[in-house]
Amino acid sequence: MLAVLLLSGWLPGLQTGALADDDDDDDEGVSSRLVMFQGGPALRLEQEILDKVHLKTIRLEEQSLLHEIRTIGEVVDITPLMEARSRYLDLKSEKEQVSASLEVAAETVDRLSTLRSMESNISDRELNAAKLEYRKAGIRLDTLTGQLDNARNILRQKWGDVLASWALDGQSTRHPVFAHDSEEGIILVQAPVSDVPESIYISSTDERSNARPADYISPATQALANRRGDTYYYRTNREGLRSGMRLYVWVPDPEKAISGYILPRDAIVWYNGRPWFYVREAGNHFVKKSVGGHIATGRGWLLQDLDLAGLDIVVEGSQMLLSEEYRWQIPDEDDDP
C-alpha cells in the first residue's frame, strides 16, 4: 500500500516520455528521472551518470530443466562391508594355498603308489601317511569352498549384487570405494521416482546451491530408519561427510521437465518485502519488474511465468537503480516540517 500511495503522488503530474515538473530546483534532478515509459513508470538516467557507475546487463535464453524432488539420504558406514571383504579375501587366499597343497599331496600319493607297485622300498606306513595328507587337504578345501559360498551369499543379501561383486573383486583399483586412500563414500537414498536417475545431488545442509553430485550404483538392500519407500545406493566424494550423517537429497524427475528463464540472484533487489529485477529499455530507461513465482536452482531463480526473451536484464547495479528510483521519496533534512 505504501508503494501505491507514493507512486500516486507523482504519476498524475507526468506525461508519457516527458520529464516531471518540479518547482524545487534541488529535487528536479532526482524526480525528473522518474518518467512514464510505454504506459508504466520507469527510471531514466543521463548518460553521464551511467558512465560513472558500473551497470551490466545480459540476455537470457529459455532453458528446460528437470523437476527435482527433495528427499533424504544417509552416509553408509561401509566398515562391515570392508570387514566382510577382508574375511572373504583371506578365505580365498587360504583356499588357493590348500588347493595347491592338495595337488602336491595327490602327486605324492601317485608317486609313492607307483614306486610301491614296482616293489620299491616304500612302506605301507609312508604311503598311508601321504594318503592321509591328501584326504585332509581335500576336506579342508571342501570346507573353505562352503565358507566362501556362504560369505558370497551373505554379502549379496546384505549389500546387493553390485556392491557384493565389487567387494569380492580382489583388485580394489577397479572400485575406488575400497581403496585404502579412497575419497569416495556410499550414500543410501530414498528416491520416490519411477525412473531412477543416474545422478542426484546431495548436501549436508538444506542448500541446493551447495549440493554435490552422486552417481547411481544399484538398488539398496537397506532401508532408511522410519521411512517408507524404495532406496538406492549412490557414491560421491566423501569430503566433509561422516558415517551415519543425514543428508538432504535432490532427485531429478525425468517425467516432470520444466522450462523458463533462470534469473541470476545478483539481478534481484528487494522492495516492500518482494523481489524485483530491472530491465534496461531504449533511451536509458530502466523498468522494475516483479519476480513473481519462481523455483530456486543452483544457478538462480527459474521464472516460468515471464517471457524474458530479448530483454536486457540488469545483473550488476540493480541496487543502485533501486536507490536512485526511490531517493526522491526521502525527505530533505532542511525541509520545513
Expressed as a whole-number percentage, the relative contact order of region 30-174 with C-alpha contacts under 8 angstrom and at least six residues apart is 24
The pairs in LYS92/LYS158; LYS136/LYS158; LYS256/LYS288; LYS95/LYS158 lying past 27 Å Cα-Cα in this model are LYS136/LYS158; LYS256/LYS288
The simple spin-label model distance between GLN319 and LYS136, using points 7 Å out along Cα→Cβ, in nm, is 8.3
Taking a probe of 1.4 Å and leaving out DNA, RNA and ligands, the chain shows per residue an accessible area in Å² of 59
For the chain, the longest principal axis of the Cα atoms and the Cα long axis of helix 124-168 enclose an angle in degrees, to the nearest 10, of 10
Checking rank on 221-228, 235-242, 283-290, with mean other Cβ inside 10 Å and highest first, the result is 283-290, 235-242, 221-228
So, with points 7 Å from each Cα along the Cβ direction, the ASP161-ILE72 label distance in nm works out to 3.1
Mean separation of Cα contacts under 8 Å (at least 6 apart) over the residue count of the chain, i.e. the relative contact order in percent, is 25
Interchain or sequence-distant (5+) residues whose placed amide H lies within less than 5 Å of the amide H of HIS67 are ASP253, LYS256, ALA257, ILE258
Quick calc, SER86 & LEU127: beta-carbon distance into FRET formula, R0 45 Å, rounding 0.05, result 0.65
Carbon and sulfur atoms account, in whole percent of the 1.4 Å probe accessible area of the chain, for 47
The ³J(HN,Hα) series, computed from each phi in region 254-268 with the Karplus coefficients 6.51, -1.76 and 1.60 at θ = phi - 60°, rounded to the nearest Hz and given as x for glycine or proline, is x, 7, 10, 6, 10, 10, x, 10, 8, 8, x, 4, 5, 7, 8
Using alpha carbon positions and the Kirkwood radius, the Rg to Rh ratio of region 113-152 is 1.30
Counting sequence-distant residues (5 or more places) and residues on other chains, those with an amide H built under 5 Å from that of ARG238 are GLU184, GLY185
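Starting from the coordinates of the alpha-carbon atoms of region 141-214, obtain the Kirkwood hydrodynamic radius over all distinct pairs and give the value in Å to one decimal.
Numbers: mean 1/r = 0.0658 Å⁻¹.
The answer is 15.2 Å.
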With label points set 7 Å from each Cα along the Cα-to-Cβ direction at THR57 and SER209, the distance between them in nm comes to 2.5
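Using 0.36 nm per residue, how much length does the chain from ARG116 to LYS256 gain when fully extended, once their Cα-Cα distance is taken away?
The span from ARG116 to LYS256 would gain 42.3 nm if fully extended.
The values are calculated or read from the model by the stated rules, or taken from the named source; none is laboratory data. Bear in mind that the values here come from a model prediction, so they are computed numbers and not experimental data. A quick note on method: Cβ atoms are made from the backbone with ideal geometry, for glycine too, and the neighbour counts reach across all protein chains shown. For the accessible areas, the whole protein counts, side chains as well, though only heavy atoms, and no ligand, DNA or RNA atoms are used. Shrake-Rupley method; radii C 1.70, N 1.55, O 1.52, S 1.80 Å.
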